[in-house]
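Accompanying notes for the structure given below.
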(Lines give C-alpha, C1' and ligand atoms only; values in the text may rest on other atoms or scores of the structure.)
Protein backbone atom coordinates (compact mmCIF):
# COMPACT_ATOMS: atom_id res chain seq x y z
CA UNK A 1 0.00 0.00 0.00
CA UNK A 2 2.78 2.32 0.98
CA UNK A 3 4.69 1.47 -2.20
CA UNK A 4 1.63 2.21 -4.38
CA UNK A 5 1.09 5.50 -2.60
CA UNK A 6 4.75 6.41 -3.09
CA UNK A 7 4.58 5.50 -6.80
CA UNK A 8 1.50 7.69 -7.24
CA UNK A 9 3.18 10.56 -5.44
CA UNK A 10 6.28 10.14 -7.56
CA UNK A 11 4.16 10.16 -10.72
CA UNK A 12 2.34 13.29 -9.56
CA UNK A 13 5.63 15.00 -8.79
CA UNK A 14 6.98 14.05 -12.22
CA UNK A 15 3.87 15.52 -13.83
CA UNK A 16 4.45 18.70 -11.88
CA UNK A 17 8.03 18.85 -13.14
CA UNK A 18 6.81 18.56 -16.75
CA UNK A 19 4.12 21.26 -16.38
CA UNK A 20 3.62 23.51 -19.40
CA UNK A 21 2.75 26.47 -17.20
CA UNK A 22 6.01 28.28 -17.88
CA UNK A 23 5.66 27.84 -21.66
CA UNK A 24 2.08 29.11 -21.54
CA UNK A 25 3.12 32.18 -19.56
CA UNK A 26 5.94 32.97 -22.01
CA UNK A 27 3.58 32.55 -24.94
CA UNK A 28 1.00 34.78 -23.27
CA UNK A 29 3.57 37.52 -22.75
CA UNK A 30 4.74 37.28 -26.38
CA UNK A 31 1.17 37.40 -27.71
CA UNK A 32 0.41 40.40 -25.53
CA UNK A 33 3.46 42.28 -26.80
CA UNK A 34 2.71 41.50 -30.47
CA UNK A 35 -0.94 42.53 -30.04
CA UNK A 36 0.14 45.77 -28.36
CA UNK A 37 2.40 46.51 -31.35
CA UNK A 38 -0.49 45.84 -33.76
CA UNK A 39 -2.76 48.22 -31.86
CA UNK A 40 -0.08 50.89 -31.48
CA UNK A 41 0.99 51.09 -35.15
CA UNK A 42 -1.90 53.34 -36.33
CA UNK A 43 -1.14 55.85 -33.55
CA UNK A 44 2.27 56.45 -35.11
CA UNK A 45 0.49 58.57 -37.74
CA UNK A 46 0.86 61.46 -35.30
CA UNK A 47 4.66 61.12 -35.66
CA UNK A 48 5.38 61.46 -39.41
CA UNK A 49 9.12 60.91 -39.03
CA UNK A 50 8.38 57.42 -37.66
CA UNK A 51 5.17 56.65 -39.56
CA UNK A 52 6.24 57.57 -43.11
CA UNK A 53 8.86 54.78 -43.44
CA UNK A 54 6.37 52.24 -42.01
CA UNK A 55 3.28 53.37 -43.93
CA UNK A 56 3.88 51.43 -47.18
CA UNK A 57 4.23 48.10 -45.38
CA UNK A 58 2.07 48.37 -42.28
CA UNK A 59 -0.91 46.42 -43.70
CA UNK A 60 1.20 43.40 -44.81
CA UNK A 61 3.06 43.63 -41.49
CA UNK A 62 -0.20 43.29 -39.55
CA UNK A 63 -1.10 40.20 -41.59
CA UNK A 64 2.29 38.60 -40.95
CA UNK A 65 2.04 39.23 -37.20
CA UNK A 66 -1.49 37.79 -37.10
CA UNK A 67 -0.35 34.62 -38.88
CA UNK A 68 2.61 34.31 -36.53
CA UNK A 69 0.34 34.58 -33.47
CA UNK A 70 -2.05 31.99 -34.88
CA UNK A 71 0.77 29.56 -35.61
CA UNK A 72 2.27 30.01 -32.14
CA UNK A 73 -1.05 29.31 -30.42
CA UNK A 74 -1.71 26.20 -32.50
CA UNK A 75 1.81 24.90 -32.02
CA UNK A 76 1.65 25.28 -28.24
CA UNK A 77 -1.94 24.65 -27.20
CA UNK A 78 -2.73 21.98 -29.83
CA UNK A 79 0.66 20.36 -29.22
CA UNK A 80 1.50 20.45 -32.91
CA UNK A 81 5.19 20.54 -32.13
CA UNK A 82 5.11 17.02 -30.68
CA UNK A 83 2.69 15.56 -33.20
CA UNK A 84 3.48 13.25 -36.09
CA UNK A 85 5.21 14.77 -39.10
CA UNK A 86 2.32 14.04 -41.44
CA UNK A 87 -0.05 16.13 -39.28
CA UNK A 88 2.48 18.91 -39.04
CA UNK A 89 2.77 18.91 -42.83
CA UNK A 90 -1.02 18.92 -43.34
CA UNK A 91 -1.35 21.97 -41.11
CA UNK A 92 1.75 23.86 -42.12
CA UNK A 93 1.30 23.54 -45.91
CA UNK A 94 -1.78 25.82 -46.20
CA UNK A 95 -0.31 28.11 -43.54
CA UNK A 96 2.89 28.54 -45.55
CA UNK A 97 0.78 29.20 -48.64
CA UNK A 98 -1.09 31.91 -46.72
CA UNK A 99 2.21 33.39 -45.55
CA UNK A 100 3.25 33.73 -49.19
CA UNK A 101 -0.08 34.96 -50.58
CA UNK A 102 -0.96 37.57 -47.94
CA UNK A 103 2.28 39.57 -48.30
CA UNK A 104 1.95 39.28 -52.09
CA UNK A 105 -1.56 40.75 -51.96
CA UNK A 106 -0.33 43.37 -49.51
CA UNK A 107 2.50 44.31 -51.87
CA UNK A 108 -0.01 44.64 -54.70
CA UNK A 109 -2.06 46.97 -52.51
CA UNK A 110 1.01 49.09 -51.83
CA UNK A 111 1.52 49.54 -55.57
CA UNK A 112 -2.11 49.91 -56.56
CA UNK A 113 -4.00 51.81 -53.86
CA UNK A 114 -3.00 55.22 -52.60
CA UNK A 115 -3.92 54.83 -48.92
CA UNK A 116 -1.09 52.29 -48.58
CA UNK A 117 1.49 54.20 -50.59
CA UNK A 118 1.65 56.25 -53.77
CA UNK A 119 -0.34 54.07 -56.15
CA UNK A 120 -2.60 55.12 -58.99
CA UNK A 121 -6.05 54.24 -57.62
CA UNK A 122 -8.26 55.54 -54.85
CA UNK A 123 -11.79 54.48 -53.99
CA UNK A 124 -14.81 56.65 -53.24
CA UNK A 125 -14.44 55.65 -49.58
CA UNK A 126 -10.87 56.99 -49.59
CA UNK A 127 -11.99 60.28 -51.10
CA UNK A 128 -14.95 60.58 -48.71
CA UNK A 129 -12.68 60.07 -45.73
CA UNK A 130 -10.54 63.00 -46.86
CA UNK A 131 -7.59 61.18 -48.43
CA UNK A 132 -5.12 63.54 -50.09
CA UNK A 133 -2.39 62.38 -52.45
CA UNK A 134 1.24 62.64 -51.25
CA UNK A 135 2.55 66.17 -51.64
CA UNK A 136 5.17 65.64 -54.31
CA UNK A 137 5.23 67.70 -57.46
CA UNK A 138 6.00 71.14 -58.85
CA UNK A 139 5.85 74.16 -56.59
CA UNK A 140 2.67 76.25 -56.61
CA UNK A 141 2.78 78.96 -59.25
CA UNK A 142 1.27 82.32 -58.41
CA UNK A 143 -2.08 83.12 -60.11
CA UNK A 144 -2.04 85.17 -63.29
CA UNK A 145 -3.16 88.78 -63.32
CA UNK A 146 -6.89 89.15 -64.00
CA UNK A 147 -6.47 90.40 -67.58
CA UNK A 148 -4.11 87.53 -68.41
CA UNK A 149 -6.62 85.03 -67.01
CA UNK A 150 -9.30 86.48 -69.28
CA UNK A 151 -7.06 86.33 -72.36
CA UNK A 152 -6.03 82.75 -71.57
CA UNK A 153 -9.68 81.77 -70.98
CA UNK A 154 -10.68 83.11 -74.38
CA UNK A 155 -7.80 81.24 -75.97
CA UNK A 156 -8.89 78.00 -74.26
CA UNK A 157 -12.47 78.67 -75.35
CA UNK A 158 -11.30 78.89 -78.95
CA UNK A 159 -9.93 75.36 -78.56
CA UNK A 160 -13.22 74.14 -77.01
CA UNK A 161 -11.46 73.77 -73.63
CA UNK A 162 -9.97 70.48 -74.85
CA UNK A 163 -6.96 70.51 -72.50
CA UNK A 164 -8.95 71.35 -69.39
CA UNK A 165 -11.72 68.91 -70.24
CA UNK A 166 -9.20 66.08 -70.64
CA UNK A 167 -7.59 66.79 -67.25
CA UNK A 168 -11.00 67.17 -65.62
CA UNK A 169 -11.95 63.73 -66.94
CA UNK A 170 -8.80 62.23 -65.43
CA UNK A 171 -8.71 64.02 -62.08
CA UNK A 172 -12.10 65.44 -61.14
CA UNK A 173 -15.01 63.27 -62.30
CA UNK A 174 -14.83 60.89 -59.31
CA UNK A 175 -15.96 63.75 -57.04
CA UNK A 176 -17.66 66.23 -59.37
CA UNK A 177 -19.30 63.92 -61.92
CA UNK A 178 -18.73 63.51 -65.65
CA UNK A 179 -20.70 66.65 -66.50
CA UNK A 180 -19.65 68.58 -63.40
CA UNK A 181 -23.02 67.91 -61.75
CA UNK A 182 -21.40 66.99 -58.43
CA UNK A 183 -21.48 63.80 -56.37
CA UNK A 184 -23.31 63.58 -53.04
CA UNK A 185 -20.97 63.86 -50.03
CA UNK A 186 -17.95 64.16 -52.34
CA UNK A 187 -17.91 67.16 -54.68
CA UNK A 188 -19.96 70.29 -55.37
CA UNK A 189 -22.07 70.94 -58.44
CA UNK A 190 -19.92 73.00 -60.83
CA UNK A 191 -22.69 73.71 -63.34
CA UNK A 192 -24.92 75.96 -61.23
CA UNK A 193 -24.31 79.61 -60.25
CA UNK A 194 -23.14 78.86 -56.71
CA UNK A 195 -19.63 79.19 -55.34
CA UNK A 196 -18.49 78.51 -51.79
CA UNK A 197 -14.85 79.54 -52.14
CA UNK A 198 -15.13 82.37 -54.67
CA UNK A 199 -15.96 82.58 -58.36
CA UNK A 200 -13.08 84.56 -59.91
CA UNK A 201 -10.36 82.89 -61.96
CA UNK A 202 -7.95 83.52 -59.10
CA UNK A 203 -10.35 82.00 -56.53
CA UNK A 204 -10.87 78.88 -58.62
CA UNK A 205 -7.19 78.51 -59.34
CA UNK A 206 -6.25 78.70 -55.65
CA UNK A 207 -9.02 76.25 -54.75
CA UNK A 208 -7.68 73.73 -57.25
CA UNK A 209 -4.08 74.40 -56.29
CA UNK A 210 -4.31 74.50 -52.50
CA UNK A 211 -7.41 72.40 -51.86
CA UNK A 212 -10.34 73.15 -49.57
CA UNK A 213 -12.64 71.66 -46.95
CA UNK A 214 -9.93 70.21 -44.73
CA UNK A 215 -8.28 68.30 -47.55
CA UNK A 216 -11.37 66.64 -49.00
CA UNK A 217 -10.72 68.83 -52.02
CA UNK A 218 -7.08 67.80 -52.69
CA UNK A 219 -4.29 70.29 -53.24
CA UNK A 220 -3.55 69.51 -56.87
CA UNK A 221 -0.41 71.65 -56.94
CA UNK A 222 1.26 68.57 -55.44
CA UNK A 223 0.89 66.66 -58.70
CA UNK A 224 -0.14 69.13 -61.43
CA UNK A 225 1.69 71.94 -63.16
CA UNK A 226 0.39 75.48 -63.02
CA UNK A 227 -0.72 75.47 -66.66
CA UNK A 228 -2.61 72.22 -66.16
CA UNK A 229 -4.49 73.67 -63.21
CA UNK A 230 -5.28 76.83 -65.17
CA UNK A 231 -6.72 74.78 -68.04
CA UNK A 232 -8.95 72.92 -65.57
CA UNK A 233 -10.09 76.27 -64.14
CA UNK A 234 -11.02 77.56 -67.61
CA UNK A 235 -13.07 74.43 -68.26
CA UNK A 236 -14.77 74.66 -64.86
CA UNK A 237 -15.54 78.33 -65.50
CA UNK A 238 -17.17 77.35 -68.78
CA UNK A 239 -19.57 75.01 -66.96
CA UNK A 240 -21.17 77.82 -64.94
CA UNK A 241 -24.90 78.10 -65.58
CA UNK A 242 -25.13 74.95 -67.72
CA UNK A 243 -27.12 73.25 -64.94
CA UNK A 244 -26.37 69.62 -65.78
CA UNK A 245 -29.14 67.10 -65.16
CA UNK A 246 -29.13 65.54 -61.70
CA UNK A 247 -27.00 68.31 -60.29
CA UNK A 248 -26.33 68.55 -56.57
CA UNK A 249 -28.03 71.38 -54.60
CA UNK A 250 -26.48 74.85 -54.47
CA UNK A 251 -23.68 75.25 -51.95
CA UNK A 252 -22.35 78.73 -51.20
CA UNK A 253 -23.31 82.09 -52.70
CA UNK A 254 -25.01 82.58 -56.04
CA UNK A 255 -23.12 84.93 -58.35
CA UNK A 256 -24.20 86.68 -61.51
CA UNK A 257 -20.87 86.97 -63.34
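Some values worked out for this structure:
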item: Flag if residue 242 is modelled with pLDDT of 90 or more, in a loop (DSSP other than H, G, I, E, B), under 18 Å from residue 156 (Cβ atoms) and touching a strand residue (DSSP E or B) at 6+ places or on another chain (Cβ under 9 Å); result: no
item: Test: residue in region 226-240 that is assigned by TED's automatic domain parsing to the domain that holds residue 169 and over 19 Å from residue 170 (Cα atoms); result: yes
item: Residue 202, sole failed condition from (1) closer than 13 Å to residue 141 by Cβ; (2) part of a loop (DSSP other than H, G, I, E, B); result: (2)
item: Restricting region 170-182 to residues that are surrounded by fewer than 18 Cβ atoms within 10 Å (Cβ to Cβ) and either more than 13 Å from residue 239 (Cβ to Cβ) or not assigned by TED's automatic domain parsing to the domain that holds residue 246 (or both), the residue that is farthest from the chain's Cα centre (by Cα); result: 170
item: Within region 188-219, considering residues that are at positive phi and free of Cβ contacts under 8 Å to residues at least 60 places away in the same chain, the one surrounded by the most Cβ atoms within 10 Å (Cβ to Cβ); result: 198
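The values are calculated or read from the model by the stated rules, or taken from the named source; none is laboratory data. These numbers come from a predicted model, not from an experiment. Quick reminder, even Gly has a Cβ in these numbers, built from the backbone with ideal geometry, and neighbours come from all protein chains shown.
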